[in-house]
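One structure is given here, and the rest of the page talks about it.
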Amino acid sequence: MALIGVFDSGVGGLSILDEALRQLPEHDYIYLADSENAPYGEKSSDWIAQRSLVLCRHLADKGCDAIVIACNTATAEAIKQIREQLSIPIIGVEPGIKPAAMQSQNHIVGVLATEATLKSDKFNALLATLPSDCQFIKQAGAGLVPLIESGKADGQETLELLAKHLEPIQDAGADTIVLGCTHYPFLRKAIRKLLGESITLIDTSDAVVRQLKRQLDALKQSSSSAEFGSVLLLSSKNEKSLLSMAQDLMSADLASHSVQAQSLGEVR
């Protein structure tokens, strides 16, 4: 049985944790939400890299066998340095622009992500490898993460802001949208309300967890006799709010796991 760390700037990575609990429920998890500093997408590259390294090192010090950086911005800005500093498997996330390009029927794909992700070298290097006949409409979702963090994913304010962000993507005629931030899968219902059921939505939660499973298999981590492992929720802002958000946003049966919520406290 492995202890798996899942790190995000806030509650977005709960979409990854949700998928992990579906596919690998027998392991133990520590979910670390740096909600005090969310959103990361509007911060400097240096700050993101330094903070992400500190928090991943904290998870490693707690005995994690592997860490999922469940934040597109942190992955883009920090994963190379984190992998150099830590000796355990580090799994990142990135916008699913490659599967989107393959699935799009009209070769017009919208990419909804944070400003930092869209400007990152890692994202643009990936973009450069894709077929030139596919048009990508890049749109920063400024303001969406704070609304999701405050529990308003399905609220009217979020719907109105989301409509503005989706307008250039809709005007371009995109038939596929990449959810390029782990917070954005929690906007599926709102996107469907605005754009209908025919639009294809791409997020990479399943692929990320399958990669985690491959890494655990390589470590030869055997499953325990327990059907469900434990989940520890750590928040740099409000652990009770994080627990409430996890219960509201996740579809996994948290009641089957031993769940605790704690304050992250000061981490250096």
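Mind counting the residues in the stretch 39-68 that are hydrophobic (A, V, I, L, M, F, W, C) and touching an Asp or Glu at 6+ places or on another chain (Cβ under 8 Å)? Qualifying residue count for the region: 3.
Total residues in the stretch 169-187 satisfying the condition of being touching a strand residue (DSSP E or B) at 6+ places or on another chain (Cβ under 6 Å) and either surrounded by fewer than 21 Cβ atoms within 10 Å (Cβ to Cβ) or free of Cβ contacts under 8 Å to residues at least 60 places away in the same chain (or both): the figure is 3. Every listed requirement among (1) assigned to a strand (DSSP E or B); (2) open to solvent by 50 Å² or more (accessible area, probe 1.4 Å) is met by D206 save one, (1).
Table: residues versus (1) over 12 Å from the mean Cα position of the chain (by Cα); (2) crowded, with 17+ Cβ neighbours inside 10 Å.
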| site | (1), (2) |
| --- | --- |
| Q23 | yes, no |
| N37 | yes, no |
| K43 | yes, yes |
| K62 | yes, no |
| T75 | no, yes |
| Q81 | yes, no |
| V93 | no, yes |
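Return yes when V11 is open to solvent by less than 10 Å² (accessible area, probe 1.4 Å), out of contact with any Lys or Arg (no Cβ under 9 Å at 6 or more places or on another chain) and part of a loop (DSSP other than H, G, I, E, B) and no when it is not. Spelling it out, V11 is indeed open to solvent by less than 10 Å² (accessible area, probe 1.4 Å), out of contact with any Lys or Arg (no Cβ under 9 Å at 6 or more places or on another chain) and part of a loop (DSSP other than H, G, I, E, B). Would you be able to say whether some residue in the stretch 226-235 is assigned to a helix (DSSP H, G or I) and touching a residue at least 24 places away in the same chain (Cβ under 8 Å)? Scanning the stretch 226-235 turns up no residue that is assigned to a helix (DSSP H, G or I) and touching a residue at least 24 places away in the same chain (Cβ under 8 Å).
The single condition among (1) in a helix (DSSP H, G or I); (2) over 22 Å from Q170 (Cα atoms); (3) of a type in the set (D, E, K, R) that K98 does not meet is (2).
Return yes or no: is E19 under 17 Å from the mean Cα position of the chain (by Cα) and open to solvent by 50 Å² or more (accessible area, probe 1.4 Å)? Spelling it out, it is not the case that E19 is under 17 Å from the mean Cα position of the chain (by Cα) and open to solvent by 50 Å² or more (accessible area, probe 1.4 Å). Taking the stretch 114-167 as the range and being out of contact with any Leu (no Cβ under 8 Å at 6 or more places or on another chain), within 26 Å of D34 (Cα to Cα), of a type in the set (A, V, I, L, M, F, W, C) and not in a helix (DSSP H, G or I) as the test, only A142 passes. Of all residues in the stretch 76-93, those that are free of Cβ contacts under 8 Å to residues at least 60 places away in the same chain and part of a strand (DSSP E or B) have Cβ atoms under 6 Å from Cβ atoms of residues that are surrounded by fewer than 23 Cβ atoms within 10 Å (Cβ to Cβ) and not aliphatic (A, V, I, L, M), 6 or more apart or on another chain, in I90/R83. Here L55 clears all of (1) touching a helix residue (DSSP H, G or I) at 6+ places or on another chain (Cβ under 8 Å); (2) crowded, with 24+ Cβ neighbours inside 10 Å; (3) farther than 28 Å from A174 by Cβ except the condition numbered (1). Residues of the stretch 64-73 that are crowded, with 22+ Cβ neighbours inside 10 Å and either part of a loop (DSSP other than H, G, I, E, B) or out of contact with any Phe, Trp or Tyr (no Cβ under 6 Å at 6 or more places or on another chain) (or both): C64, A66, I67, V68, A70, C71, N72.
Total residues in the stretch 253-268 satisfying the condition of being open to solvent by 90 Å² or more (accessible area, probe 1.4 Å), aliphatic (A, V, I, L, M) and assigned to a strand (DSSP E or B): the figure is 0.
Is there a residue being over 26 Å from A100 (Cβ atoms) and without any contact (Cβ under 8 Å) to a residue 12 or more places away in the chain anywhere in the stretch 197-217? Looking through the stretch 197-217, at least one residue is over 26 Å from A100 (Cβ atoms) and without any contact (Cβ under 8 Å) to a residue 12 or more places away in the chain. The sole residue among A128, A142, A116 that is open to solvent by 80 Å² or more (accessible area, probe 1.4 Å) and of a type in the set (G, A, S) is A128.
The values are calculated or read from the model by the stated rules, or taken from the named source; none is laboratory data. Bear in mind that the values here come from a model prediction, so they are computed numbers and not experimental data. We place every Cβ from the backbone using ideal geometry, glycine too, and count neighbours over all the protein chains shown. With ligands, DNA and RNA removed, areas are computed over all heavy atoms of the protein, side chains included. Shrake-Rupley method; radii C 1.70, N 1.55, O 1.52, S 1.80 Å.
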